Amino acid sequence: MNFRISLFLLLILGLTFSAKGQNQEATINEQIKNERDAQLKDLNDKLKTNEELISKLTEKLAATDSKTATDKEKIKDLETLQLALDDRLRILEETPKTKINLNGQLAFTELLSIQRDIQPVDLFLTSQTFFTQLGNIGKIQQYNGFNAWKAEYDKWYKKQGQEDPLINVLNTSINLISTASSAVPLYGTMVNTAISGVSSLVTTMGKKEKDLYERTPQMLLLLNVTSQFEQQKSIIDHEWTLINKELEQLQKENTELLQEQMSYYGISMERYESRYLKATLDSDREAFKNECRKIISDKLSGLDKNPSSKGKWLGQVETYMYKVQSLRLRFGQLTTRMMANIEQYENLISVYSDATQFPAEFTSKINSLNSPLNSLKNKFYSSFNPARYIEDSAVMYIERN
C-alpha cells in the first residue's frame, strides 16, 4: 500500500539512522565529546589548584604576625590572592561556556545525522518487496481456487440466475469482490453478503450443478480466511498510518530546526546541499561536519566577545540542544513502534501459515512472505537501534551547571 511505502521512503530520505551511519557518526560525535570532557577536566583541575592556592593564601594572611610581617609582604600576598580570585572567576565563567559551545556543536552534528541518506535503495526496495506481496494476499482474483469457482458460477448465472433480483444482488457483490479487492480491503458488508448469499444459493440448488457445488466449499473457506486475514492486517496497517503522520511532523520540525540553526550560525544552505546531502563519500560528509564545527565555535566565540550578545547566546544554544534531543528521542520512540509493528506482521503470518487449517493456495502465499519479511527485519535491525537511540538522547548533553 502507498502509505507504507511512503513511510519507508520518508525514513530513508529524511530520517534514516543506520548502523553504518552510527559508526560513522561516532567519529565526529565522540571527537566532540572527548574534546568537551578533556577541556572540562582541564578546567576542573585548574579550579582545584586555584582553590588550594586561595585557601593557602587566606590561611597565611590570617596567621601573619603584624609585628614581623612587612607591609610589602602583606601587599604581595593580597595581590596574589586577588589574582587567584580573578582566575577563579574566569574559570567559573569559562566552564559553562565550554559546555554549551561543544554541546551546541554536538547538537548540530546530531541534527545532520537525522538528515543523512545512508542505504536508501536497499531499505526502500526491501520494504517495497514485502509490502507488495503482503498486499497481494487480499486480492481474491489472484487465487486459482476463486477463479475456477467463478467460471462455473458465471456459466450458471448466464443460464439461470439473471431473472432473479436477489441473485442479481449477489452477483453484484461477487463481481465487486473479484474486481475491487485489488484496491479495497477484502472485508466488511460486501464480503459478508457474498458469503451468505453463495451459501444459500448452493444449498438451494443442491447437486444439480455438480462442478459449482463441489467447488463452493473450498471457495468459501478461501474467501473467509482471506477476509479474516485482511481484517486483522488492517489493525496493524492503521498503526503504520499513525506512525507515518508523526514522522511527517517530525520531518517538518527537523527541517525547520536545521534551517534555523544554519541561519543562526551562518552555515551556507548551498554548501550543506552540495557538500553533505549530495555527497557520495563518508569522508566528504565528515569534512563538512568538521567545517560546521569550526563555524559554530567561531560564531559563538564572536557572540561572547560582543557586549550586546555576551551571555545571551548560552540560552539560545541550549534551546537548540534540547530541541535536537527531543527530535532524537521521538524518532527513537517511533522506530520502536515500527519494530513492534514488524513483529505484529510476523505473528500474523505465523498464525495463518498452517496448511492443515487453511487452503493450500492461501498458505502458500502466506509462507512466501517469510523471505521478504526476514530481509526487511534484517535491514531494519541493521539500520536502526531504537533502544540505543533513546538512551543516547537521554545522556547526550552535560548540564551547564
### Task
Tell me the Kirkwood hydrodynamic radius of segment 227-320 in angstroms, computed as one over the mean inverse distance between distinct C-alpha pairs.
16.6 Å
### Query
What is segment 140-226's relative contact order, in percent, from Cα pairs under 8 angstrom and six or more apart in sequence?
44 percent
### Message
About the Cα centre, and with charges only on the beta carbon of Lys, Arg (+1) and Asp, Glu (-1), how big is the dipole of segment 140-226? Nearest 20 debye, please.
### Response
140 debye
### Protection-proxy order for peptides 272-279, 317-324, each taking the mean of Cβ atoms within 10 Å per residue, highest first
317-324, 272-279
### Task
Beta carbons within 10 angstrom, averaged per residue: use that to sort the peptides 363-373, 85-95, highest first.
363-373, 85-95
### Protection proxy ranking, peptides 236-249, 303-316, average beta carbon neighbours within 10 Å, highest first
236-249, 303-316
### Query
If you take the C-alpha gyration tensor of segment 140-226, multiply each eigenvalue by 5 and take the square root, what semi-axes do you get, largest first, in whole Å?
19, 14, 12
### Message
Can you bin every Cα-Cα distance in segment 252-399 into 5 Å intervals starting at zero and give me the percent of pairs per bin, rounded to whole numbers?
### Response
2, 8, 11, 12, 14, 13, 10, 7, 6, 5, 4, 3, 2, 1, 1, 0, 0
### Message
What does the extension gain come out to for GLN232 and GLN218, with contour length at 0.36 nm per residue minus their alpha carbon separation?
### Response
2.9 nm
#### Entry: Calculated [θ] (222 nm, deg cm²/dmol) that DSSP helices of n ≥ 4 give over the chain, each run adding -39,500 (n - 2.57)
-27500 deg cm²/dmol
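Compute the relative contact order of the chain as a whole-number percentage, counting only Cα pairs closer than 8 Å that sit 6 or more residues apart in sequence.
Reported relative contact order: 28 percent.
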### Task
Could you please rank TRP149, TRP156, placing first whichever residue has the fewest other Cβ atoms within 10 Å of its Cβ?
TRP156, TRP149
### Query
Charges only on Cβ, +1 for Lys and Arg, -1 for Asp and Glu: so what's the dipole of the chain about the Cα centre, in debye to the nearest 20?
440 debye
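Read-outs: derived from the displayed coordinates by stated rules, not from any lab. These figures come from a predicted structure and were not determined experimentally. Backbone-built Cβ (ideal geometry, glycine too); neighbour counts: all protein chains shown.
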